[in-house]
Amino acid sequence: MLDLHARRRWRPRLCALLLAGLLPAATLSCQETSSPGEPSGTALAGGFLSVALNTTDPATARYGYSLADVTPEQVSKIGTGQRALVWLGGYDKKRCVWNWSDTEVRERFERYGLARSPRVAGYFVADEPNTDLNCPLAAADVRDRAALVRALDPDTERFTVVNVDRPEHFAAFRGATDVMSVNVYPCLVGEACDWSKIPRTLDRLREVGVTRYMGMLQAFSFEQWRWPTADELSGMIAQWQRSDWVGQLTFSWEYRGGELADHPELLRVLKRLNDAPHELFPLP
């Protein structure tokens, strides 16, 4: 699959209002809804997460992106009104080892003051660490890396995330990080979008008890995948909105020579989502 870093009922409704800042914090505790095996904490207290992948471009703020996906040395480039989702080097899915050792992670935390930086919102631990079915211990490795990150930064308002693309891996990675990202790309070159893919993925997440997840939206073109139309992107968003997602990651601001900035029709759709994530789009 793709390398994201090629450089790189009542209670739920009240919780949603609480997380959006529309109810006082004392109204109820949403942490009680955590499923066994998933981490607790207040990592999602900031509301709907919206991440622009592969960029430090300040223009993303104009389109409602609250988070930018950056490396540790790029955190200082994050502008006013945005925070960083910090990429921690990722996992080598061929050799089944981390690209950065534990020592290297510790050094970067210290060198760039990540745990002390008000610009940091969370940490992107790994992308598709076992997509090649080559690393049976990948989920355990991700749990260990997330635990290291939590030891280096104990602030529970920060979160860790792993991106998992294969539904058969959801159970193994459940609870490995605070949030699971899930990428589903339904629109292929020369074909109509397959509108069964996202609902099937959501069904699987529910079946295995993953309750904190983000959806990765298809906004790129590469090999068998194509740029969606504005209506197709709206359809993807609409399907994700009928779930319990806690945020979205847009793949990608820049990728393999393609730039989202060249597609204003898609940016209008994404801005609408980011500005009002609970206003439902029409289903495809």
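Find out how many positive minus negative residues lie around residue 111, taking Lys and Arg as positive, Asp and Glu as negative, among other residues whose Cβ is under 11 Å from that of residue 111. Combined, the nearby Lys, Arg, Asp and Glu give -2.
Could you please tell me the mean projected area of the C-alpha convex hull for segment 123-204, averaged over all directions and given in square nanometres to one decimal?
6.2 nm²
Given a 1.4 angstrom probe, I'd like the percentage of the accessible area of segment 122-250 that is carbon and sulfur, rounded to a whole number. Exposed carbon and sulfur together represent 50 percent of the surface.
Computed from backbone phi with θ = phi - 60° and the Karplus coefficients 6.51, -1.76 and 1.60, the 3J(HN,Hα) list for segment 91-98 is 10, 7, 6, 8, 9, 6, 9, 6 Hz; x is used for glycine and proline. Electrostatic bookkeeping for residue 80 treats Lys and Arg as +1 and Asp and Glu as -1; over the other residues with beta carbon under 15 Å from its beta carbon, the sum is +3. Over the C-alpha trace of segment 96-164, radius of gyration and Dmax come out as 12.5, 37 angstrom. In summary, the lysines within cross-link reach of residue 271, defined as a Cα separation below 30 angstrom excluding same-chain residues under 8 places away, comprise 77, 197.
Dividing the radius of gyration of the alpha carbons in segment 190-284 by their Kirkwood radius gives 0.95 for Rg/Rh. The calculated P(r) of segment 100-254, using every Cα pair and 5 Å bins from 0, goes 2, 9, 17, 19, 18, 15, 10, 7, 3, 0 in percent. Whole-Hz Karplus values for segment 204-211 come out as 5, 4, 5, 4, 9, x, 7, 10 Hz, taken residue by residue from phi with 6.51 cos²θ - 1.76 cosθ + 1.60 and θ = phi - 60°; glycine and proline positions read x.
Calculate the dipole size of segment 67-117 relative to its Cα centre from +1 charges on Lys and Arg beta carbons and -1 charges on Asp and Glu beta carbons; express the result in debye to the nearest 20.
100 debye
The charge dipole of segment 169-284, taken about its Cα centre with unit charges on the Cβ atoms of Lys, Arg (+1), Asp and Glu (-1) only, comes to about 340 debye.
Annotation: per residue accessible area for segment 86-194 equals 41 Å², rounded to a whole number [probe 1.4 Å, protein chains only]. When the scattering of segment 49-161 is computed by the Debye formula from its Cα atoms alone, each counted once and equally, what is log10 I(q)/I(0) at q = 0.10, 0.21, 0.24 Å⁻¹? The Debye formula, applied to the Cα set alone, gives -0.29, -1.12, -1.32. For segment 189-203, putting each phi into the Karplus relation 6.51 cos²θ - 1.76 cosθ + 1.60 with θ = phi - 60° gives couplings of 4, x, 10, 6, 4, 8, 7, 8, 5, 5, x, 4, 5, 5, 4 Hz, in residue order, rounded to whole numbers and with x for Gly and Pro.
The values are calculated or read from the model by the stated rules, or taken from the named source; none is laboratory data. Being a predicted model, the structure only gives us computed values, none of them experimental. Backbone-built Cβ (ideal geometry, glycine too); neighbour counts: all protein chains shown. Accessible surface areas use protein heavy atoms only, side chains included; no ligands, DNA or RNA. Shrake-Rupley method; radii C 1.70, N 1.55, O 1.52, S 1.80 Å.
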